[in-house]
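Novice: Quick one: this structure, given as structure tokens, is what I'll be asking you about.
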Amino acid sequence: MKLTSAAEYGIRALLYLALQPPDKVCLISEISKVQEIPEKFLAKILQNLSKGGLVKSYRGVKGGFSLARPPEQVTLKDAVECLEGPMALNRCLISEHSCDRSPRCPVHLVWKEAQEKFMGVLASSDLRTLADNAALLGK
């Protein structure tokens, strides 16, 4: 499993917004330049994050983007699922009926446990903690 560029860039954009003062509205051009994300691609990503309720979009002369919620209330799981949709390590985990071998497959429980742990790590990683870590690293 590999995250798309959209998910990677989206996480970088969210982290950038989390590092800003709460009332700051950031321009796409600013985020694009600092995070080295193609501006047109970033616009699409931010639109999806806005539809998903993770960022606020402001139009007009003072337009731009900011986080829609406090950074401690936005997790990597939120971001990834917003940009990638529901995640599954294997097709047998997509739904109950996606693989008729699941009930008798010896690997199914391993996939299930791995998925639960992976999603747990993403769910416990919030933007506030990541922003604090970035500040400690001098980023």
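The values are calculated or read from the model by the stated rules, or taken from the named source; none is laboratory data. These figures come from a predicted structure and were not determined experimentally. Note that we place each Cβ from the backbone using ideal geometry, even for glycine, and neighbour counts take in every protein chain shown.
Novice: Within segment 56-76, can you find the residues that are exposed (fewer than 15 other Cβ atoms within 10 Å of the Cβ) and under 17 Å from the mean Cα position of the chain (by Cα)?
Specialist: Answer for segment 56-76, where residues must be exposed (fewer than 15 other Cβ atoms within 10 Å of the Cβ) and under 17 Å from the mean Cα position of the chain (by Cα): Arg69, Pro70, Glu72, Gln73.
Novice: A follow-up question, please. If the requirement is being in a helix (DSSP H, G or I) and in contact with a helix residue (DSSP H, G or I) (Cβ under 9 Å, 6 or more places away or on another chain), which of these qualifies: Ala88, Ala7?
Specialist: Every option except Ala7 fails the conditions.
Novice: Looking at Leu130 and the list (1) more than 22 Å from Leu17 (Cβ to Cβ); (2) part of a helix (DSSP H, G or I), which single condition is not satisfied?
Specialist: It fails just one condition, (1).
Novice: Pairs, please: C-beta under 7 Å, at least 6 apart or cross-chain, first residue without any contact (Cβ under 8 Å) to a residue 40 or more places away in the chain and loosely packed, with under 13 Cβ neighbours inside 10 Å and in segment 27-55, second among the aliphatic types (A, V, I, L, M) and outside any helix (DSSP H, G or I)?
Specialist: Gly53/Ala68
Novice: Which numbered condition trips up Glu30, out of (1) in contact with a helix residue (DSSP H, G or I) (Cβ under 7 Å, 6 or more places away or on another chain); (2) assigned to a helix (DSSP H, G or I)?
Specialist: (1)
Novice: Restrict the check to segment 46-59 and report whether at least one residue is out of contact with any helix residue (DSSP H, G or I) (no Cβ under 9 Å at 6 or more places or on another chain), assigned to a helix (DSSP H, G or I) and over 30 Å from Ala114 (Cβ atoms).
Specialist: Taking every residue of segment 46-59 in turn, at least one turns out to be out of contact with any helix residue (DSSP H, G or I) (no Cβ under 9 Å at 6 or more places or on another chain), assigned to a helix (DSSP H, G or I) and over 30 Å from Ala114 (Cβ atoms).
Novice: Quick check: is even one residue across segment 61-70 touching a strand residue (DSSP E or B) at 6+ places or on another chain (Cβ under 6 Å), modelled with pLDDT of 95 or more and among the aromatic types (Phe, Trp, Tyr)?
Specialist: Looking through segment 61-70, at least one residue is touching a strand residue (DSSP E or B) at 6+ places or on another chain (Cβ under 6 Å), modelled with pLDDT of 95 or more and among the aromatic types (Phe, Trp, Tyr).
Novice: May I ask you to verify whether Ile37 is within 20 Å of Arg128 (Cβ to Cβ) and modelled with pLDDT of 95 or more?
Specialist: no
Novice: Kindly establish whether Cys105 is without any contact (Cβ under 8 Å) to a residue 24 or more places away in the chain and surrounded by 13 or more Cβ atoms within 10 Å (Cβ to Cβ).
Specialist: Answer is yes for this residue.
Novice: Another question about this same structure. Name the residue, out of Ala13, Ala79, that is part of a helix (DSSP H, G or I), without any contact (Cβ under 8 Å) to a residue 60 or more places away in the chain, small (Gly, Ala, Ser) and surrounded by 20 or more Cβ atoms within 10 Å (Cβ to Cβ). Walk me through it before giving the result.
Specialist: On the way: Ala79 fails: without any contact (Cβ under 8 Å) to a residue 60 or more places away in the chain.
Criteria check complete, one pass: Ala13.
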